[in-house]
Amino acid sequence: MEPEPERRFRGRRALVTGAGRGIGRAAAAALRRAGAEVVALSRSAADLESLARECPGLEPLCVDLADWDATAAALARAGPVDLLVNNAAVALLQPFLDVTRDAFDRSFDVNLRAALQVSQIVARQLIARGAPGAIVNVSSQASQRALQGHTVYCCTKSALDMLTKMMALELGPHKIRVNAVNPTVVMTDMGRVNWSEPQKAGAMLSRIPLGRFAEVDEVVNSILFLLSDQSAMTTGALLPVDGGFLAS
Ligand code: NAP
């Protein structure tokens with residue numbers, strides 16, 4: 001007989017940004033399997049349509065998070081949310097001397113400003129309803145280590161770590177917990193673009209005590225732990241999912 005599907009998020013409504021591909025897509029699907037109502041937000045409609053076909057009942061929400069006004073309008077249609085995963089990001093790699101204004105602005109708009117804006121909207125609704133909530137920001141090991149060619153990306157993730165702590169500080173009294181996960185390389189589309197070159201990958205692998213990159217599901221498991229009541233006393237934490245990279 002099939003085992004009972006896990007239903008630990010039954011009765012909770014979750015919003016996952018960047019849910020079209022990679023970690024966000026897997027997190028949205030896992031939350032749906034675990035019984036949550038799921039709003040899956042991303043930029044490309046085709047990705048959301050295929051995800052909605054795979055996950056019956058999932059609600060797609062198509063918007064470019066770099067557009068503040070469009071994001072506010074889309075979130076107004078999302079309904080009340082209990083659990084939020086700020087996952088959408090871009091990784092536009094350039095050597096420090098070649099960093100462009102466009103790459104800087106787009107990276108900070110998507111990786112940091114959108115996380116702040118979406119969290120504000122969700123937190124205001126939670127406070128108005130008097131409901132508890134949990135937010136997970138998907139950061140990176142790159143928030144805490146300088147990586148060649150990653151100036152802007154590293155800076156967005158450092159700022160996201162501090163945003164996580166600030167939100168934990170100010171939203172804690174409202175029973176809203178805020179934590180981050182900080183993965184090492186994961187071979188999603190983003191990971192493949194930036195880490196497929198064997199020499200570059202080898203140099204990174206040699207700095208990871210467990211000697212491998214992370215799997216998508218390993219990141220998703222940590223996200224779900226931080227969203228769940230199993231981590232009820234944890235807020236403001238930055239959880240490495242990095243095989244020990246940040247410890248070394
Ligand atoms: P991915 O495969 O590139 O997927 C990113 C998703 O976010 C896509 O569906 C993308 O949609 C969406 N997105 C990007 N910009 C958006 C925007 N402006 N508005 C709405 N949606 C947008 O990335 P991933 O590897 O799954 O990464 C997910 C998170 O993990 C990111 O925060 C990333 O920084 C973090 N992370 C990744 C790695 C890694 O090695 N992969 C390591 C550490 C941390 P479109 O394709 O339509 O733009």
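The values are calculated or read from the model by the stated rules, or taken from the named source; none is laboratory data. Since this is a predicted model, take the numbers as computed values, not measurements. Reconstructed Cβ throughout: ideal geometry from the backbone, glycine too, with neighbour counts over all protein chains shown. When the accessible area is computed, the model is the full protein with side chains, heavy atoms only, and any ligands, DNA or RNA have been set aside. Shrake-Rupley method; radii C 1.70, N 1.55, O 1.52, S 1.80 Å.
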| remark: Counting only protein heavy atoms and rolling a 1.4 Å probe, one gets per residue an accessible area for the chain in Å² of 48
| request: Please give the FRET efficiency for Arg192 paired with Ile127, using the beta carbon to beta carbon distance and R0 = 35 Å, rounded to the nearest 0.05. | output: 0.30
| query | Reachable lysines from Lys165, Cα under 27 Å, same-chain residues fewer than 8 places away excluded? | reply | Lys157, Lys175
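For region 101-242, what is Rg from Cα atoms divided by 2.2 N^0.38 Å, rounded to two decimals? Show your work: numbers first, answer last.
Working: Rg = 16.0 Å, N = 142, 2.2 N^0.38 = 14.5 Å.
Region 101-242 yields a ratio of 1.11.
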| said: Please list, short to long, the whole-number percent of alpha-carbon pairs of region 1-100 in consecutive 10 angstrom bins beginning at zero. | reply: 16, 44, 25, 11, 4, 1, 0
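Please sort 14-20, 156-162, 172-178 by packing, taking for each peptide the average over its residues of neighbouring beta carbons within 10 angstrom, highest first. All intermediate terms of the calculation are to be shown ahead of the outcome.
On the way: 14-20: 28.3, 156-162: 20.0, 172-178: 17.7.
In descending order of packing, they fall as 14-20, 156-162, 172-178.
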| Against the longest principal axis of the chain, how steep is helix 216-227, in degrees 0 to 90 to the nearest 10, with axes from Cα atoms? | 50
| query | Taking only C-alpha pairs under 8 Å that are 6+ residues apart, what is the relative contact order of the chain in percent? | reply | 18
| remark: Carbon/sulfur accessible area of region 23-114, % of total, 1.4 Å probe, equals 54
| query | How compact and how long is the chain, expressed as Rg and Dmax of its alpha-carbon atoms in Å? | reply | 17.4, 60
| Using the beta-carbon distance between Ala70 and Ser248 and R0 = 41 Å, what value does 1/(1 + (r/R0)^6) give for FRET efficiency, to the nearest 0.05? | 0.45
| field | Where N is the number of residues in region 118-166, Cα Rg divided by 2.2 N^0.38 Å | value | 1.46
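In terms of solvent-accessible area of protein heavy atoms at a 1.4 angstrom probe, what is the ranking of Asp98, Asp64, highest value first? Walk me through the numbers before you get to the answer.
Values: Asp98 90, Asp64 50 Å².
I get Asp98, Asp64, largest accessible area first.
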| Could you give the angle, 0 to 90 degrees to the nearest 10, between helix 114-129's Cα long axis and the longest principal axis of the Cα atoms of the chain? | 20
| task | Lys and Arg at +1, Asp and Glu at -1: add these up for the other residues within a Cβ distance under 14 Å of Ala134 and post the number. | result | +3
| remark: Counting sequence-distant residues (5 or more places) and residues on other chains, those with an amide H built under 5 Å from that of Gly133 are Ile176, Arg177
| Tilt relative to the chain, helix 45-54 - C-alpha long axis, 0 to 90 degrees, to 10 | 60
| query | What ranking do 110-123, 209-222, 190-203 get when scored by the average of other Cβ atoms within 10 Å per residue, highest first? | reply | 110-123, 209-222, 190-203
| log₁₀ I(q)/I(0) of region 100-182 at q = 0.16, 0.18 Å⁻¹, via Debye over equal Cα point scatterers, no solvent, to two decimals? | -0.61, -0.73
